[in-house]
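Written out below as structure tokens is the structure these notes cover.
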Amino acid sequence: MNKNPFFIKNENIYLSDILKILGKKKQKNDLKINDISDLKLATKNDISFFNSPKYLDILKTSKAKYVISSDKYSSKINKYCEPIIVKNVLKSVYLITELFYPNSLDDAVDFSLESPDIKKFNKIKFGKNVLLGKNVKIGVNSIIGHNTIIESNVRIGSDCIIGNNTLLKNTIIGNSVRILDGSVIGKKGFGFFPNKDKNFRYPHIGMVLIKDNVEIGCNNTIDRGSLSNTVIGKNTFIDNQVHIAHNVNIGENCVITGQVGFAGSSKIGDNVLIGGQAGISGHLTIGNNVNIGGGSGVIKNLPDNSKVMGYPAKDIRSFLKENK
Amino acid sequence: MNKNPFFIKNENIYLSDILKILGKKKQKNDLKINDISDLKLATKNDISFFNSPKYLDILKTSKAKYVISSDKYSSKINKYCEPIIVKNVLKSVYLITELFYPNSLDDAVDFSLESPDIKKFNKIKFGKNVLLGKNVKIGVNSIIGHNTIIESNVRIGSDCIIGNNTLLKNTIIGNSVRILDGSVIGKKGFGFFPNKDKNFRYPHIGMVLIKDNVEIGCNNTIDRGSLSNTVIGKNTFIDNQVHIAHNVNIGENCVITGQVGFAGSSKIGDNVLIGGQAGISGHLTIGNNVNIGGGSGVIKNLPDNSKVMGYPAKDIRSFLKENK
Amino acid sequence: MNKNPFFIKNENIYLSDILKILGKKKQKNDLKINDISDLKLATKNDISFFNSPKYLDILKTSKAKYVISSDKYSSKINKYCEPIIVKNVLKSVYLITELFYPNSLDDAVDFSLESPDIKKFNKIKFGKNVLLGKNVKIGVNSIIGHNTIIESNVRIGSDCIIGNNTLLKNTIIGNSVRILDGSVIGKKGFGFFPNKDKNFRYPHIGMVLIKDNVEIGCNNTIDRGSLSNTVIGKNTFIDNQVHIAHNVNIGENCVITGQVGFAGSSKIGDNVLIGGQAGISGHLTIGNNVNIGGGSGVIKNLPDNSKVMGYPAKDIRSFLKENK
């Protein structure tokens, strides 16, 4: 598990601080809270949240101490964790995240960027007009293309090729990764609370993790996670103009072709093949060895070894038979 | 209404000039013509055009004095305005637009770009390698990211964040707008007259208007209008890799997710939600509070409060029932 | 036919070298082999490959001397050319291509880029921060926008306008071509051999050829060919966010609207109109004067004058009738 070097946590948050910010009464016993996290990643003394019965199985094994939720789920949570009942779950999560990560809403321009100090990177080749933030780490024999921006604290492994006009932020990259030209990786996801005349953004404190031997094509957008991370598994290859939203987790050895889009928080297995322009809805689980035909719209979970096509996607043999 | 600072109008155009360029006979009385405009925006002494019965209702209340059209609509126009009948309406509009806006076909590179003169912008923060054209106006406390290009006469309000590698031209931006990285905003639309071996472009003299509190994600393309403007309403949020063609008018408080595409000249209401990869055909009217499912292809007008999905898009309950 | 200035061929390859690299026995008579090429373009003394019965008609008229193929096609090839039977056709093609073009796998950053030497280009206008590789040729009266990168050996005709933030490599451009902003043209295609934990790339030694009067919009990606070229025919206009994969061949006077995607190796005729977000599968033949509705997914060949819509695409009248 990679520690997040991008968002600095306030280590001094107590239950009483959280209750206060939510406008709730103090409890008898106060307690130091470690972090805010999703149900799956939460460790002891973490606070988490529950907002959909979809995640009931995860709730059952969650180590979270406190769980923010709404009235109707109170009795369900009771059995496993201590519920904190609020009117607006997502807004409360936002407020607590801001408490732990006071700088996390500031997703603007990195003004610490400078030309690379060649002496510090003596086995790295840089193109022209490269800009690096503070504490960027790059492994030996890596190559960084022209006009590329690498923001503070990004880490790149060895033997990587980063192309031209690429923007990397809040991202940790393994070894032998190739990222071609014009992609934007690690910006905040498209998650916010709709609010008439002035939406408000919740913090995105996740990262993008790109594993060894991955290839990412041109003009892609890969958003970082909100609470958990966006992950691209080992040896997965991604074509051009692909959009990967926040919290998506793609397995190993996948092949994702041009203009595919992933809505947020889906989990894709290993050895998954996705044809051009297919779309994967949010919060789905796609198994291993799944084959999704070009142009498909996947709106349901898919078990291992499925072969689907269509909108909505169905068994590919049915699709082709019905459309002969 | 914003006056267009991008395309300078020839203020000395008479009806006789227009008839001459169209190869038509002089009329008895000559008259100074104010401008060329669409039927809706046209004011007294403007010339406009009518090329589809779809716009009959607008014709009825138009203030245009003269209306370019083809023979078959002559009698319809007669009742409201004075028709000028031509063989090729669009080509005639092109010729007249060029007469009023002689520089409007020149959509090439802005060679007046220079590094910002920090003294002139004392409360603005600029990243590295920013290039600004002439007469760019930026409000206080705005931030401009690295490698971003802002062409001549663009106006940006206060408290805005413009990201990195972004290109802005022919655009007027309100306050508290955030534009992330890699978008191209304000280039000419994809409108031209097909012509064997050498198409010819008609002028695009519209702008892009982006209202207060809008957020625009990464690698988007938003084209400016041809005669009217492309408009993004207040507090509308747009995700990544969205394409918005010329003359599209999006209302307030809309949510447009990744890879959505709008063909030209559609009007989208307020509080409209559009799921990933959906496409909206040209010249449609989408009502308020409409919800369009991911992957949909909308090819008809949609009344207020519609909930649709599918290709072509239909009532979402029918779509889901038929596809169970 | 344009000679490829990008990938330098080893002119000294003999049949014995090829058999050796494939792990096959020497033949009695050795022979100098000219090049590796696809069946259609192959000339006498070239080696080619056959991997799908789809290409049987092309095989019949191919001038290739040797054809790499698998056991099951041996008897078919026998009649026209001399088969060389291998277990893995694509891997063998990769090995032979590497033999002929030893530098072709190196698709990384062009480190020869420098600011243009104005004296060498005295009728060309360059924006700021333009970077050119070695031996770039640009015709008179062409304009190159800000921050644009043109890699070594690229050729641009006269009267062209190349926009801002554009990346051109392995591309030959005709006269009066306009390429707007943010596109990536000529990078290697998404072709590789899937291989657990570490895929391997086959060489892409094709180019992108862009003919006279073409217009290409913003944020597009056009990949170069693997063995043959990717071609955009004369006076074809392409909108924004279009993806064109390797080896695609688009005819003349076509109109390709926003967010359309082409999988690899399809051949598109002349005067073809493609609506927004449509997708064209790989290895198809689309005739002349074809009209493909927005959002369509084309998965079969289409004869001349077809008008289709739907996913999968069918006759547009049937589609609209069924979906009334």
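The values are calculated or read from the model by the stated rules, or taken from the named source; none is laboratory data. A quick note: this is a predicted structure, and the numbers were derived from the prediction, not measured. Don't worry about glycine lacking a Cβ; one is built from the backbone with ideal geometry, like all the others, and counts go over all protein chains shown.
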Within the stretch B:303-314, is even one residue more than 17 Å from the chain's Cα centre (by Cα), facing another protein chain (nearest Cβ under 8 Å), crowded, with 24+ Cβ neighbours inside 10 Å and under 27 Å from residue A:315 (Cβ atoms)? yes
Within the stretch C:72-116, tally of residues that are over 27 Å from residue C:194 (Cα atoms) and within 13 Å of chain A (Cβ to nearest Cβ): 6
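Here's the yes/no breakdown for (1) more than 16 Å from residue A:101 (Cβ to Cβ); (2) in contact (Cβ under 8 Å) with a residue 24 or more places away in the chain:
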position: A:30; (1), (2): yes, no
position: A:35; (1), (2): no, yes
position: A:42; (1), (2): no, no
position: A:54; (1), (2): yes, yes
Which residue pairs have Cβ atoms closer than 9 Å, lie 6 or more positions apart in sequence or on different chains, and pair a first residue in the stretch B:6-27 that is touching a residue at least 12 places away in the same chain (Cβ under 8 Å) with a second residue that is charged (D, E, K, R) and assigned to a helix (DSSP H, G or I)? B:21/B:98
Residue ID - farthest from residue A:101 (Cα to Cα), chosen from residues in the stretch A:186-242 that are within 12 Å of chain B (Cβ to nearest Cβ) and among the aliphatic types (A, V, I, L, M): A:242
Go through (1) modelled with pLDDT under 90; (2) part of a loop (DSSP other than H, G, I, E, B) one by one and return the number of the condition residue C:129 breaks. (1)
Would you be able to say whether some residue in the stretch C:68-91 is closer than 30 Å to residue A:142 by Cα and touching a residue at least 12 places away in the same chain (Cβ under 8 Å)? yes
Being within 19 Å of the chain's Cα centre (by Cα), buried (at least 22 other Cβ atoms within 10 Å of the Cβ) and within 11 Å of another protein chain (Cβ to nearest Cβ), is that true of even one residue in the stretch B:272-279? yes
For the subset of the stretch A:180-230 comprising residues that are under 17 Å from the mean Cα position of the chain (by Cα) and among the aromatic types (Phe, Trp, Tyr), which member is nearest to residue B:253 (Cα to Cα)? A:192
Tell me whether the stretch B:133-146 contains one or more residues that are surrounded by fewer than 24 Cβ atoms within 10 Å (Cβ to Cβ), within 30 Å of residue B:99 (Cβ to Cβ) and in contact (Cβ under 8 Å) with a residue 60 or more places away in the chain. yes
Based on this model, can you work out whether residue A:285 counts as surrounded by 24 or more Cβ atoms within 10 Å (Cβ to Cβ) and of a type outside the set (D, E, K, R)? no
Filtering the stretch A:281-302 for residues that are without any contact (Cβ under 8 Å) to a residue 24 or more places away in the chain, assigned to a loop (DSSP other than H, G, I, E, B) and within 19 Å of residue A:253 (Cβ to Cβ) leaves a count of 3
Residue check: is residue A:305 in contact (Cβ under 8 Å) with a residue 40 or more places away in the chain, in a loop (DSSP other than H, G, I, E, B) and out of contact with any Phe, Trp or Tyr (no Cβ under 9 Å at 6 or more places or on another chain)? no
Return the pairs, sorted by first residue and then second, in which the second residue is of a type in the set (Asp, Glu) and surrounded by fewer than 23 Cβ atoms within 10 Å (Cβ to Cβ), the first residue lies in the stretch A:254-280 and is touching a residue at least 24 places away in the same chain (Cβ under 8 Å), the beta carbons are less than 6 Å apart, and the residues are 6+ apart or on different chains. A:270/A:252
Out of all the residues in the stretch B:244-264, is one or more crowded, with 19+ Cβ neighbours inside 10 Å, of a type in the set (Phe, Trp, Tyr), under 20 Å from the mean Cα position of the chain (by Cα) and away from chain C (no Cβ under 13 Å)? no
